[in-house]
Amino acid sequence: MTADDSYGRLDDDDYPAYTMGRAVEMLGTTQGFLRAIGEASLITPLRSAGGHRRYSRYQLRLAARARELVDQGTPIEAACRIVILEDQLEEAQRINAEYRRADEAANPPAVSFRRAVAIPASG
């Protein structure tokens, strides 16, 4: 791997760049919380060659949202389900917007070239 390959991954939201310790520190939570949201299928961390959990920025955003809900009193399983549904909705809206843009590019709205006609004021 070249240095250019490594730098390109800095912008990759899905690259598992964070250890569990760093993730815990960034989120202000515990290792147990990260394990629990993994067990609830919110995130599935990748494993390093040594078997250590590694998290991506995308996964940490999901974990942070789950943490907000849990801090507000939502049970962890429910919080994870809410976050999954929010994420699915966001993705569906993104795809829908892409389809809409593609359709508008392929089928631009008809443009009317009628001239404006001034109607004299009566009076």
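Structure data summary
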{"item": "Residue count for the range 56-73, restricted to those that are open to solvent by less than 40 Å² (accessible area, probe 1.4 Å) and in contact with an Asp or Glu (Cβ under 9 Å, 6 or more places away or on another chain)", "result": "3"}
{"item": "Failed item, numbered, when LEU42 is tested on (1) part of a loop (DSSP other than H, G, I, E, B); (2) within 19 Å of ASP12 (Cβ to Cβ)", "result": "(2)"}
{"item": "Residue in the range 40-63 that is over 16 Å from the mean Cα position of the chain (by Cα) and more than 18 Å from PRO16 (Cα to Cα) present", "result": "yes"}
{"item": "The range 92-108 residues that are in a loop (DSSP other than H, G, I, E, B), paired with ones that are open to solvent by 100 Å² or more (accessible area, probe 1.4 Å) (beta carbon under 7 Å, 6 or more apart)", "result": "none"}
{"item": "Lone unmet requirement of (1) assigned to a helix (DSSP H, G or I); (2) at pLDDT 95 or above for SER6", "result": "(2)"}
{"item": "Test result for PRO45, farther than 19 Å from ALA79 by Cα, in contact with a Pro (Cβ under 9 Å, 6 or more places away or on another chain) and surrounded by 18 or more Cβ atoms within 10 Å (Cβ to Cβ)", "result": "no"}
{"item": "Test set (1) open to solvent by 50 Å² or more (accessible area, probe 1.4 Å); (2) modelled with pLDDT of 95 or more - SER122 fails condition number", "result": "(2)"}
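The values are calculated or read from the model by the stated rules, or taken from the named source; none is laboratory data. Only a predicted model underlies this, so the values are computations on that prediction, with no experimental measurement involved. Backbone-built Cβ (ideal geometry, glycine too); neighbour counts: all protein chains shown. Keep in mind that these areas ignore ligands, DNA and RNA; they rest on the heavy atoms of the full protein, side chains included. Shrake-Rupley method; radii C 1.70, N 1.55, O 1.52, S 1.80 Å.
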